[in-house]
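The values are calculated or read from the model by the stated rules, or taken from the named source; none is laboratory data. Bear in mind the structure is a predicted one, so any value in this text is a computation, not a measurement. As a convention, Cβ positions derive from the backbone with ideal geometry for all residues, glycine included, and neighbour counts pool all protein chains shown. With ligands, DNA and RNA removed, areas are computed over all heavy atoms of the protein, side chains included. Shrake-Rupley method; radii C 1.70, N 1.55, O 1.52, S 1.80 Å.
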Amino acid sequence: FFHNASLRYIIQFYINKGVDIEYVRVWTDNCTGQYKCRQNFYNLSHIPLTFDSVKQAEHCFAQVYSFKGPWDAAGRMVKWYIRKLERTEKERVKDAFACYLHAEEYFKNNLPGGKDWHEMEREMDPGMEDMTVFSAVNRYAGIATDDSELYEQYINEGHEHVINTHRSEAIDTEPYNGSHNKHYFKGTGVETAEGAELLMQSKPCRCNPCRSLEEECPFGHIKGDAETIHRQPLQYYLDERRQAQEEMRNNMIQ
């Protein structure tokens with residue numbers, strides 16, 4: 001619930017800043033409990049249907065658990081700063097909200113690398129050579145809650161990047177048993193009577209042809225054959241099974 005709510009918030013955050021987002025690409029480790037859940041697949045398949053500018057939404061899973069990226073460094077910074085405050089007895093960080101307040105202040109005053117990306121471009125800073133898609137250029141502290149009253153309180157107090165996870169309203173769906181050996185999932189933006197389309201393959205790939213989306217990937221034999229499923233709300237599958245059972249009962253009576 002936190003992952004899905006945060007992802008939607010991030011997409012809307014950049015759309016509100018005037019960024020024309022056509023493709024959403026998420027990289028994470030292969031943690032089944034966090035990311036390979038049925039709610040995540042439902043969310044991924046529906047992102048292109050929710051945001052007008054988004055054509056496709058991809059989730060690329062590392063094949064091992066030890067995968068690291070800039071998000072790990074961002075989390076490490078929070079832990080490091082909070083421990084420093086408590087170790088030096090400057091502050092007692094008693095709960096998540098206190099952690100958010102301190103991290104918010106720290107990130108505003110401490111940019112990754114010490115400089116803003118646009119500032120580095122203007123100054124022709126040699127450090128630009130080290131900036132890649134896996135480099136953090138800004139960090140924002142946020143807090144998520146499933147308590148609507150608490151959410152409204154934080155918003156009214158003027159806090160930024162507050163997310164309501166709407167856990168009680170989250171749409172559930174049917175689990176897909178073959179997802180454990182797949183590491184690439186894509187919401188294609190196609191919806192049929194069966195539901196929102198979700199494409200899956202064995203391995204993710206970010207080669208230039210895959211990035212351009214116009215050429216054939218030379219590593220197709222590694223990525224594996226594409227498989228397509230469709231995601232509907234859980235009630236759809238329950239009604240489908242109930243109808244099949246009724247038809248079976250009627251056939252037996254006849």
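Descriptive notes on the structure:
- Additional length obtainable on full extension of the chain from L238 to A96, 0.36 nm per residue less Cα span: 47.3 nm
- Estimated vicinal HN-Hα couplings, Hz - the stretch 245-253 in sequence order (Karplus 6.51, -1.76, 1.60; Gly, Pro = x): 5, 5, 5, 5, 4, 5, 5, 5, 5
- Selected from M128, M200, M77 as most flexible by GNM, with the chain as the system and alpha-carbon contacts under 10 Å: M128
- Accessible surface for the chain, divided over its residues, is 63 Å² per residue with a 1.4 Å probe.
- Projecting label points 7 angstrom from Cα along Cα→Cβ for Y140 and A62 puts them 2.5 nm apart.
- FRET efficiency, W80 to K55 (Cβ-Cβ, R0 51 Å, nearest 0.05): 0.85
- Neighbour net charge for T165 - beta-carbon separation under 15 angstrom, K R +1, D E -1: -4
- Between N208 and M252, the C-beta separation translates, for a Förster distance of 51 Å, into a calculated FRET efficiency of about 0.30.
- Long-range HN-HN contacts of A144 with modeled amide H, under 5 Å: I163
- The 3J(HN,Hα) values that the Karplus relation (6.51, -1.76, 1.60; θ = phi - 60°) gives for the stretch 190-206 are, in residue order, 9, 10, 10, 5, 7, x, 6, 7, 10, 9, 10, 9, 5, 10, x, 8, 10 Hz. Gly and Pro appear as x.
- Gyration tensor verdict on the stretch 124-254 (Cα atoms; rounded if a/c is under 1.5, prolate if a/b is larger than b/c, oblate otherwise): oblate
- Virtual spin-label span in nm between T228 and V19, 7 Å along Cα→Cβ: 3.0 nm
- Relative to the dominant Cα principal axis of the chain, helix 38-50 is inclined by about 80°.
- Environment charge at T32 (Cβ cut-off 13 Å; Lys +1, Arg +1, Asp -1, Glu -1): +2
- On the principal axes of its alpha-carbon atoms, the chain has extents of 79, 49, 35 Å, going from largest to smallest.
- A Förster radius of 41 Å combined with the Cβ-Cβ distance from E152 to M124 puts the calculated FRET efficiency at roughly 0.35.
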